[in-house]
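The values are calculated or read from the model by the stated rules, or taken from the named source; none is laboratory data. Just so we're clear, the structure is a prediction, and the values are computed from it rather than from any experiment. As a convention, Cβ positions derive from the backbone with ideal geometry for all residues, glycine included, and neighbour counts pool all protein chains shown.
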Amino acid sequence: MWHFYCQNIIYGEDALDFLEKIKGKKCFIVTDNIIENLGYLKILTNKLEKFGKEYTVFKDVVPDPHEEDVMKGKEHCNQYAPDLIIALGGGSVIDTAKGIWVMYEYPEYTLNNLDPFNDQLYDFPKKAKLVAIPTTSGTGSEVTWAAVISRLQNNTWRKMSLSHMTLVPTYAIVDPVFPMGMSPKLTANTAFDALCHSVEAYISMWRNEFSNAMGLKAIELVFKYLPLAYKDGTNKEARDYLHQAATMAGLAFGNSQAHLAHAMGHSWGAIFHTPHGNSVGLFLRYITQYCLNAPGETNESIILYSELAKKLGWANWDDDNKKAAYVVVEKIKELQKEVDFISNLKDLGISKDDFDNNITNLVSLFFQDPSGVMAPRIPNKEDVIHLYQYAYEGKDVDF
Ligand SMILES: [Fe+2]
């Protein structure tokens, strides 16, 4: 028996109009100041007013949300007592809303109760549905059962990946009107997050036919539409398909797991505060090489990456598997170049001293992050140090 968790996805132009069909009168909107300043909150509240729904707004979400932010949101939510919670924003907003959603249902909970083995959560939700409206095309949080929230431990902000199957939002409204205003840089960073989700899902130990289908299509769409959206952010077709790709990538990794690039990226982000998409996207080519270099002439990663290259038309069906598999690395590098994506840690402006002083901490955080366990090749401590060092210098991984 296997499962594929997927709630309701409404996508494409005017998807926001679906709000009229969702039962519920009192809406607790979770968002942030940037979304308000971009005018996106107004787009949503205008619709809610048109559809005769009441609302209140909690807009105190910050990037890389902390546990305290979720608890604060929970207090406001309890006071308002909504029957719909609407998350409007990027991954930080949607993740915060997931935390608030559960805490609203179970006021006695802390974030420690959000674990995959909590059976009580299978009765959830009774008080409110969660509607997730992504404004960036990357995190896939609108369809995943995970929330990344930071907690201060031993003077370091540790990113906790909280998860439970029932954390999948009740509705994902994937309307391309929202990502339209993203800058080229944000477009590239968030799309590389989606690319990481889909590639990592495709070679994960938990991969399955459903997640493979979503992952493959998402990779194809990111490669086709990211360069177009990067060059012209007003390209409606590119925005729409890139937005769909991010949701498909969310379904892929939400049902099979991301791994090494995310474990490395989470650890890096916790210390150096590089945006998530840039962190994980940066590590993608290095971990791809690392997986492909696993001992054995025909390791599983070579078969999988080769299959990927052949299905996407990057290699011929009769090409040698090893040769075809390494084409994926070159394709990732090409895409990075095309959208001016920072592809080594040095270019992020981190000094060598700063890097060296934090390497022990980076490795320690890497092994505390549960994301890495589904990788087809599990690195030891030395390999992780080398992977960070190679990524710092921008060197091809040769071990
Ligand atoms: Fe991610």
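The figures follow:
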{"item": "Residue match in the range 201-208 (condition: within 23 Å of A325 (Cβ to Cβ), of a type outside the set (G, A, S), under 13 Å from the mean Cα position of the chain (by Cα) and at pLDDT 95 or above)", "result": "no"}
{"item": "Of all residues making up the range 133-183, the number that are farther than 25 Å from D119 by Cβ, part of a loop (DSSP other than H, G, I, E, B), away from the ligand (no atom under 13 Å from the Cβ) and at pLDDT 90 or above", "result": "7"}
{"item": "The one condition in (1) within 16 Å of the chain's Cα centre (by Cα); (2) within 28 Å of L121 (Cα to Cα) that Q153 fails to fulfil", "result": "(1)"}
{"item": "First in the range 17-46 and touching a residue at least 40 places away in the same chain (Cβ under 8 Å), second anywhere and in a helix (DSSP H, G or I) and charged (D, E, K, R), Cβ under 6 Å, 6 or more apart", "result": "L19/K47"}
{"item": "In the range 136-163, the residues that are free of Cβ contacts under 8 Å to residues at least 60 places away in the same chain, surrounded by 17 or more Cβ atoms within 10 Å (Cβ to Cβ) and of a type outside the set (A, V, I, L, M)", "result": "S163"}
{"item": "Top-ranked residue of the range 195-207 - restricted to ones that are within 11 Å of the ligand (Cβ to nearest atom) and more than 14 Å from G372 (Cα to Cα), ranked as surrounded by the most Cβ atoms within 10 Å (Cβ to Cβ)", "result": "S198"}
{"item": "Candidate set: the range 123-132, residues that are touching a residue at least 12 places away in the same chain (Cβ under 8 Å) and not in a loop (DSSP other than H, G, I, E, B); chosen: the one surrounded by the most Cβ atoms within 10 Å (Cβ to Cβ)", "result": "A132"}
{"item": "Members of the range 320-337 that are under 11 Å from T288 (Cα atoms) and of a type in the set (G, A, S)", "result": "A325"}
{"item": "Matching residues in the range 245-259 - criterion: being within 13 Å of the ligand (Cβ to nearest atom) and of a type in the set (G, A, S)", "result": "A246, A249, G250, A252, G254, A258"}
{"item": "Qualifying residue in the range 289-298 (condition: aliphatic (A, V, I, L, M), farther than 26 Å from N154 by Cβ, buried (at least 16 other Cβ atoms within 10 Å of the Cβ) and in the same structural domain as M205 (by TED's automatic domain parsing))", "result": "yes"}
{"item": "Selection within the range 103-130 - out of contact with any helix residue (DSSP H, G or I) (no Cβ under 7 Å at 6 or more places or on another chain) and closer than 30 Å to V177 by Cα", "result": "K129"}
{"item": "Enumeration of residues in the range 260-277 that are part of a loop (DSSP other than H, G, I, E, B) and within 11 Å of the ligand (Cβ to nearest atom)", "result": "P275"}
{"item": "Residue match in the range 95-110 (condition: surrounded by 22 or more Cβ atoms within 10 Å (Cβ to Cβ) and not in a helix (DSSP H, G or I))", "result": "no"}
{"item": "When residues of the range 234-251 are limited to those that are over 11 Å from S137 (Cβ atoms) and more than 19 Å from the chain's Cα centre (by Cα), the one surrounded by the fewest Cβ atoms within 10 Å (Cβ to Cβ)", "result": "T234"}
{"item": "Selection count, the range 208-244, where residues are within 15 Å of the ligand (Cβ to nearest atom) and in contact with an Asp or Glu (Cβ under 8 Å, 6 or more places away or on another chain)", "result": "0"}
{"item": "Selection status of L111, away from the ligand (no atom under 16 Å from the Cβ), under 25 Å from C27 (Cβ atoms) and without any contact (Cβ under 8 Å) to a residue 60 or more places away in the chain", "result": "yes"}
{"item": "Single residue of the range 208-221 satisfying the filter (in contact (Cβ under 8 Å) with a residue 60 or more places away in the chain and over 22 Å from L282 (Cα atoms)) that is surrounded by the fewest Cβ atoms within 10 Å (Cβ to Cβ)", "result": "N208"}
{"item": "Residues that are in contact with a Ser or Thr (Cβ under 7 Å, 6 or more places away or on another chain) and aliphatic (A, V, I, L, M), drawn from the range 187-198", "result": "A191, A194"}
{"item": "The lone exception for L365 - which of (1) at pLDDT 95 or above; (2) in contact with a His (Cβ under 9 Å, 6 or more places away or on another chain) it fails", "result": "(1)"}
{"item": "Residue under evaluation P275, criteria (1) of a type outside the set (V, I, T); (2) modelled with pLDDT of 95 or more; (3) within 25 Å of T156 (Cα to Cα), criterion not met", "result": "(2)"}
{"item": "Residues (farther than 14 Å from A270 by Cβ and within 22 Å of the chain's Cα centre (by Cα)) located in the range 351-369", "result": "none"}
